[in-house]
Structures are given as C-alpha cells and as structure tokens.
Amino acid sequence: KDFNIRENESNVWLSFEDIKNPATFTMQDVYNTYAIGGCDLSATTDLTAATLLIRKPGENTVYVLQQYFLPSKRIELLEERNTNEAPYRKWAERGLLTICEGNRVNYSDVTSWFCQMRDEYKIDAYKVGYDRALAGYWVDEMKANGFTMEAVAQGAFTWSQPMREMGAALADKQVNYN
C-alpha cells in the first residue's frame, strides 16, 4: 500500500525478491568504522528513522544500521482502537524501536542513539543528513555532541537518482540491513 492506494506486483517499485537479503552482520563487523548518517524526523504520529550507512574499504556491501522512534501515546491509541497497524511493541522488544514517553518523539533519544553508536561501537558519522522541516533544536543538540550536520532537501528531483541507485544495490544484494 502506498499513499493509501493498494499496490500489486505489477506496479511496486521493488519486489520482495529485490529487497530480500538473508545476509546479516554483527555490531563487531561494523565496529570502528565510518558512516554517513541520516535522520527522517517526525513529530507525533509517524516513525522517526535514524540511519547509519557503512561501507568498509575494499567491499561493495553497504551495512545499514537503523533505529526507529515513536511516541508511547501513539502506540497506546492504536492499541485502544485495536488496530493492526504494525507490531510496534515487538519491534521495541527486538531493539529496533525506541518508544518515547508522551505524545511526541523525543529528539534527544535520537541524539542518544547516534552517540551510542559512536561511543560504544566507534562508528564515526562523517556527516548526518536531515530534513530542515522538523529539525529545530535537534541540529544544535547534535552539533553540541560533535556531529557534522548536513541539510538535505527532500523532493522528486533530489531523490530520483539516489532511489534508482538504492534499488539497483538492493537487487544486487549489496545492501545488508540485517
């Protein structure tokens, strides 16, 4: 489903076979590496996604580390309504999702994740890209924690070529996202 329009196999951007990659990695595999970071911030009802893309010298594989963030009140509302939107609690139990207290994503939790990756696993983010729309104080907080921030315009023109390249890399099984 995309933009609330049901999709079928004939009109999806990438098929399941394109994106399916059984390869996995451990945090030790990406310990003491460099990365390009990115963050798609949300506010109240959508997931915030923090990402580190790692490419090791001499390898074609792109290792992807991601953490998602969602307000607890959003999850509680969905549970009250008995919707099957997504298994958010299970994702949190697996360490994929940070549930933020209250009605908003706590951007300091996002900063903490980037700091944890740097401090605990020695993953040095060369730059962290972000959309200016919701960044506010978060950019200053990240800079205060030693990160170099890069505003990235989001739109059809800026995303078309990167999305084609990502699709090819996924189909070639060069993206390891665990």
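Please go through the stretch 47-62 and give me each residue that is of a type outside the set (Val, Ile, Thr) and either surrounded by 15 or more Cβ atoms within 10 Å (Cβ to Cβ) or out of contact with any strand residue (DSSP E or B) (no Cβ under 8 Å at 6 or more places or on another chain) (or both), ordered by number. Before you say what the answer is, go through the steps one by one.
Kept after step one, since they are of a type outside the set (Val, Ile, Thr), are these residues of the stretch 47-62: 47, 49-50, 52-53, 55-60.
Answer for the stretch 47-62, where residues must be of a type outside the set (Val, Ile, Thr) and either surrounded by 15 or more Cβ atoms within 10 Å (Cβ to Cβ) or out of contact with any strand residue (DSSP E or B) (no Cβ under 8 Å at 6 or more places or on another chain) (or both): Leu47, Ala49, Ala50, Leu52, Leu53, Arg55, Pro57, Gly58, Glu59, Asn60.
For the stretch 94-128, name all the residues that are in contact with an Asp or Glu (Cβ under 9 Å, 6 or more places away or on another chain) and hydroxyl-bearing (Ser, Thr, Tyr).
The answer is Thr98, Tyr107, Ser108, Thr111.
Residues of the stretch 138-167 being surrounded by 13 or more Cβ atoms within 10 Å (Cβ to Cβ) and more than 18 Å from the chain's Cα centre (by Cα), which ones?
Glu141, Asn145, listed by residue number.
Quick one: in the stretch 109-137, of everything that is surrounded by 14 or more Cβ atoms within 10 Å (Cβ to Cβ) and over 14 Å from Gly37 (Cα atoms), which residue is modelled with the lowest pLDDT?
So, considering only residues that are surrounded by 14 or more Cβ atoms within 10 Å (Cβ to Cβ) and over 14 Å from Gly37 (Cα atoms), the one modelled with the lowest pLDDT is Leu134.
Only one of Glu93, Glu85, Glu101 is farther than 21 Å from Trp138 by Cβ, open to solvent by 60 Å² or more (accessible area, probe 1.4 Å) and either touching a Phe, Trp or Tyr at 6+ places or on another chain (Cβ under 9 Å) or modelled with pLDDT of 90 or more (or both); which?
Matching residue, one of Glu93, Glu85, Glu101: Glu93.
Residue under question is Ile123, and the condition is that it be touching a residue at least 60 places away in the same chain (Cβ under 8 Å), among the aliphatic types (A, V, I, L, M) and within 28 Å of Asn21 (Cα to Cα); does it hold? Write out each step before concluding.
Working: touching a residue at least 60 places away in the same chain (Cβ under 8 Å): yes; among the aliphatic types (A, V, I, L, M): yes; within 28 Å of Asn21 (Cα to Cα): yes.
When the stated conditions are applied, Ile123 passes them.
Would you mind finding the one in Glu76, Glu80 that is over 28 Å from Ala168 (Cβ atoms) and surrounded by 11 or more Cβ atoms within 10 Å (Cβ to Cβ)? First the steps, then the outcome.
Working: Glu80 fails: surrounded by 11 or more Cβ atoms within 10 Å (Cβ to Cβ).
Exactly one residue qualifies, and that residue is Glu76.
The values are calculated or read from the model by the stated rules, or taken from the named source; none is laboratory data. Fair warning: this is a prediction, and the values are worked out from it, not measured in the lab. FYI the Cβ positions are ideal-geometry reconstructions off the backbone, even for glycines, and counts take in every protein chain you see. Ligands, DNA and RNA are stripped out before the accessible areas are found, and what is left, the full protein with its side chains, is counted by its heavy atoms. Shrake-Rupley method; radii C 1.70, N 1.55, O 1.52, S 1.80 Å.
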